[in-house]
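S.K.: Once you've had a glance at the structure underneath, I'll fire off some questions.
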Amino acid sequence: MKKLSIIFLCLFIMVPVSQLFAQNNMDEEMQLVRDQWGVEKKELIMNYMKFTDAESKAFWPIYDAFMKEHRKVMDARIKLIKDYANNYDKLTNAKATELTNKLIDNDMAVSKLQKTYYAKFSTAITPKRASQYLQVEYYLLTNIKSMIQDQIPFIGELEKAKKEAAAKKG
């Protein structure tokens with residue numbers, strides 16, 4: 001699994017999330033990274049799962065359908081991050097509530113999608129093998145979320161830094 005994380009980190013760092021705070025029009029770059037990541041991710045899954053021919057034949061069509069739906073949920077999460085970036089300096093209580101509720105809803109949508117597809121994967125490749133795949137999926141998703149979170153400033157962080165800088169000058 002450590003090998004997966006090294007490959008994963010090298011790929012995903014190509015377009016840091018911090019650029020969302022610096023640029024508003026990253027859609028083409030994000031699409032390129034997403035497309036490349038999709039290819040790399042499949043290779044990682046193949047290498048880790050070591051599917052038999054029968055498992056591979058049953059798994060990949062379901063995986064492709066899962067990823068198509070998963071992409072929609074992740075697109076909503078990217079919009080949410082952009083919304084946060086656009087409102088960071090002027091975040092109100094109402095906007096903070098809205099963003100937090102959308103984040104929780106997004107997490108629930110991911111979990112619901114995983115549960116739905118776990119049943120499909122279980123039928124196709126056995127529940128144990130489906131669990132093994134989801135373990136890889138969770139691992140990768142957790143790493144992505146962690147890297148993104150590391151790039152997003154905490155609420156109030158910017159104001160605190162400005163006050164500290166002003167205090168040092170004064």
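S.K.: Does region 57-106 hold any residues that are hydroxyl-bearing (Ser, Thr, Tyr) and surrounded by 14 or more Cβ atoms within 10 Å (Cβ to Cβ), and which are they?
M.R.: Here is the first cut: in region 57-106, the ones hydroxyl-bearing (Ser, Thr, Tyr) are 63, 84, 88, 92, 97, 100.
Hits for region 57-106 are Tyr63, Tyr84, Tyr88.
S.K.: Taking the condition of being under 16 Å from Lys42 (Cα atoms) and free of Cβ contacts under 8 Å to residues at least 60 places away in the same chain, how many residues in region 102-156 meet it?
M.R.: 6
S.K.: Can you go through Ala96, Ala58, Ala167 and tell me which one is under 21 Å from Lys41 (Cα atoms), assigned to a helix (DSSP H, G or I), over 20 Å from the mean Cα position of the chain (by Cα) and among the aliphatic types (A, V, I, L, M)? Can you show your working first?
M.R.: Numbers: Ala96 fails: under 21 Å from Lys41 (Cα atoms); Ala167 fails: under 21 Å from Lys41 (Cα atoms).
Just one listed residue meets the conditions, Ala58.
Readers should treat all values here as calculations from the given coordinates under stated rules, not as data from a laboratory. A quick note: this is a predicted structure, and the numbers were derived from the prediction, not measured. Using ideal geometry, Cβ is built from the backbone for each residue, glycine included, and neighbour counts are taken over all protein chains shown.
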